[in-house]
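Worksheet: one structure, shown below.
The values are calculated or read from the model by the stated rules, or taken from the named source; none is laboratory data. If you're wondering where the values come from, they're calculated on a predicted model, not measured in any experiment. Neighbour counts are summed over all protein chains in view; Cβ atoms, including those assigned to glycine, are modelled from backbone coordinates with ideal geometry. We work out accessible area using only protein heavy atoms, side chains counted, and drop any ligands, DNA or RNA first. Shrake-Rupley method; radii C 1.70, N 1.55, O 1.52, S 1.80 Å.
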Amino acid sequence: MSYTTALHGSAKEVALNALYNQFTVDDQTLFKITQTFLNEISDGLSSYDSPTFVKGVPDGSETGTFLALDLGGTNLRVCEVTLLGDKTFSLRQQKYKVSETLKTGEVTSLFDYLADSVDAFLTSHDSHTSHADEDTPYVPLALTFSFPVEQSALDSGVLLTWTKGFAAKNAIGKDVVKLLQDAFDRKHIHVKCVALVNDTVGALLSRAYTSGGCILGAIFGTGTNGAYVEEVSKITKLGDSPAATAGGEMIVNTEWGAFNNSRSALPTTPYDNKVDRESINPRFQAFEKFISGMYLGEITRNVILSRSSAQLNKQWGLDTAVLSEIEEAWEDIKAREEEKLPRIQGILAQRLELSPDDVSLADADIVRQVCTLIASRAARMSGTAVAAILVHTGRARLCYGGEQSSAGLKDEGKRIGVGVDGSLVEFYPNFQTKLRASLRTLVGPEVESRVDIGMAKDGSGAGAALCALVAQRQSLANHTNGTYAHDPKDIKVTALTEVAYLSSFS
């Protein structure tokens, strides 16, 4: 008898049917989630009061070389991005591991490590940006900071809460740009952080740069978030501010990982409640805990939990990458059917540190089906976020009773650009296919067929570089009403677009 589940025959079927009922998200639930999403988007726009400005959406003709620092998960990354002006860019980068001690220790230690990593990169690379000069006595850097912040300027933002396993002390309520700049200054490193960028905004800008247009940037990876192009007139909390008077559009960062923290619309199971209760931020980031790579492995671990494996009995002991590996083995079209379960059996034995004799083929089949259920739920729920943005911006209608006419919709008949990034959407087998199926159910085949979902090529690097470009030009230019006093060849701006950060989903 296997130690991992000990379920066979009818007991196995009963258990799997119960899990199927718990983790299957039917169409009615998809519509409920999407409608709740729409309500929260509107509520957020009416209460938002901290805009910041990035003047310009890229069209691929911009040029320049800039430094970017990307912090958003297990690794931090320092990279030098050269925008080539033909919708392409070149990249040199170095990754640095962020230890659990740094994630949960004093915030000054974390930011000192960030500064040291930048210094190490500049020292070890023959970088075009590595030396300051008389005109620019510092190296300009953009920080991609993939955590909820309330941004008050292009180069200023206060941390609202940690996510993705970070919990550094004395950070909440602090300006993260100042924390980084103080670290540079303490160490006499001649680098200046000129722009603060969220990875979702970076994904949108990067996709726009490489494809010629994008209305939504979305992250489906360790965490999840979305940023979209909004009409300023809908951000009612701006009141009579200069930003509201100027009109036009803004990119709004939704922080949708915190959508529906009340869980009134989310299909919560006892396993979800346990993962939430034992997380570092109970009752927060609710949506993220259902669909992101940070949590899918942990949900699965709790479903298949037993006393047979130290790895299974350790919190976060089952990585979402293992789920992906299992599903990849099952979906491998080159493998014969009789080879698939033994391959999964071997993966479980290796990754869970079990003896091969303790994992039966029946166990492998159960775990494979559990992985599929949990990942499929995540993908289908991810589709609700994309659908909500399309409906909110007037590019789609919810198809409660079947497909509806697209007449009168914004961008009717045109391509709708969506830039995505993250390990789930890029690597997890069938994740994007299932997301698109969910989207098709919600907005209908005609609209879904026009949604061009493409990988945002290094949104956190190239997107940050684009913001650094804008920040440096703005600091050198006399800016009046969206125009620049210097030679327009220095920077190409296609439209007056402002970037704001919506923090009401916290």
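Across the stretch 179-191, the qualifying residues are those that are part of a loop (DSSP other than H, G, I, E, B) and in contact (Cβ under 8 Å) with a residue 40 or more places away in the chain, and the one among them that is surrounded by the fewest Cβ atoms within 10 Å (Cβ to Cβ) is LYS187. In the stretch 222-277, the qualifying residues are those that are of a type in the set (D, E, K, R), in a loop (DSSP other than H, G, I, E, B) and modelled with pLDDT under 95, and the one that is most open to solvent (accessible area, probe 1.4 Å) is ASP240.
Tally time: how many residues in the stretch 133-178 are of a type in the set (Asp, Glu) and part of a loop (DSSP other than H, G, I, E, B)? Number of matching residues: 4. All of (1) at pLDDT 90 or above; (2) touching a helix residue (DSSP H, G or I) at 6+ places or on another chain (Cβ under 6 Å); (3) of a type outside the set (Asp, Glu) hold for THR82 with one exception: (2). Taking the residues in the stretch 145-194 that are closer than 15 Å to LEU69 by Cβ and among the small types (Gly, Ala, Ser) as candidates, determine which candidate is modelled with the lowest pLDDT. The qualifying residue modelled with the lowest pLDDT is SER146.
Among VAL158, VAL194, which is open to solvent by 40 Å² or more (accessible area, probe 1.4 Å) and among the hydrophobic types (A, V, I, L, M, F, W, C)?
Sole residue among the options that is open to solvent by 40 Å² or more (accessible area, probe 1.4 Å) and among the hydrophobic types (A, V, I, L, M, F, W, C): VAL158.
The requirement of being open to solvent by less than 20 Å² (accessible area, probe 1.4 Å), out of contact with any Pro (no Cβ under 9 Å at 6 or more places or on another chain), part of a loop (DSSP other than H, G, I, E, B) and aliphatic (A, V, I, L, M) is not satisfied by ALA218. A Cβ distance below 6 Å, combined with a sequence gap of six or more or placement on separate chains, defines the contacts here; from the stretch 17-39, residues that are more than 17 Å from ALA437 (Cα to Cα) and touching a residue at least 60 places away in the same chain (Cβ under 8 Å) reach residues that are aliphatic (A, V, I, L, M) and assigned to a loop (DSSP other than H, G, I, E, B) in the pairs THR36/ALA265. I'd like to check something: does the stretch 94-112 contain any residue that is on the phi > 0 side of the Ramachandran plot and modelled with pLDDT under 95? No, that holds for no residue. Please verify whether PHE427 is surrounded by fewer than 16 Cβ atoms within 10 Å (Cβ to Cβ) and under 18 Å from the mean Cα position of the chain (by Cα), treating the condition exactly as stated. In short, yes. In this structure, ALA379 qualifies as under 25 Å from ALA437 (Cβ atoms), part of a helix (DSSP H, G or I), aliphatic (A, V, I, L, M) and touching a residue at least 24 places away in the same chain (Cβ under 8 Å). Applying the criterion of being crowded, with 21+ Cβ neighbours inside 10 Å and among the small types (Gly, Ala, Ser) to the residues of the stretch 309-330, the residue that is modelled with the lowest pLDDT is SER309. List every residue pair whose Cβ atoms sit under 6 Å apart, with the two residues 6 or more apart in sequence or on different chains, where the first one lies in the stretch 202-214 and is open to solvent by less than 20 Å² (accessible area, probe 1.4 Å) and of a type outside the set (Val, Ile, Thr) and the second, anywhere, is assigned to a loop (DSSP other than H, G, I, E, B) and at pLDDT below 90. As it stands, the answer is LEU205/PRO58; SER206/LYS457; ALA208/VAL57; ALA208/PRO58; TYR209/PRO58; TYR209/GLY60, since those pairs meet every condition given. Each residue in the stretch 424-461 was checked for being of a type in the set (Lys, Arg) and either at pLDDT below 95 or part of a loop (DSSP other than H, G, I, E, B) (or both), and 1 of them qualify.
Before we move on, is ARG380 closer than 27 Å to GLY72 by Cα and either at pLDDT below 90 or among the basic types (Lys, Arg) (or both)?
yes
Screening the stretch 278-306 for residues that are basic (Lys, Arg) and outside any loop (DSSP other than H, G, I, E, B) and picking the one that is nearest to ASN17 (Cα to Cα) gives ARG301. Within the stretch 363-392, the residues that satisfy the criterion of being polar (S, T, N, Q) and open to solvent by less than 10 Å² (accessible area, probe 1.4 Å) are SER382, THR384.
Here is a yes/no grid of residues against (1) of a type in the set (Lys, Arg); (2) under 30 Å from TYR400 (Cβ atoms); (3) at pLDDT below 90; (4) open to solvent by less than 20 Å² (accessible area, probe 1.4 Å):
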site	(1), (2), (3), (4)
VAL25	no, yes, no, yes
THR52	no, no, yes, yes
GLY60	no, no, yes, yes
ASP116	no, no, no, no
SER127	no, no, yes, yes
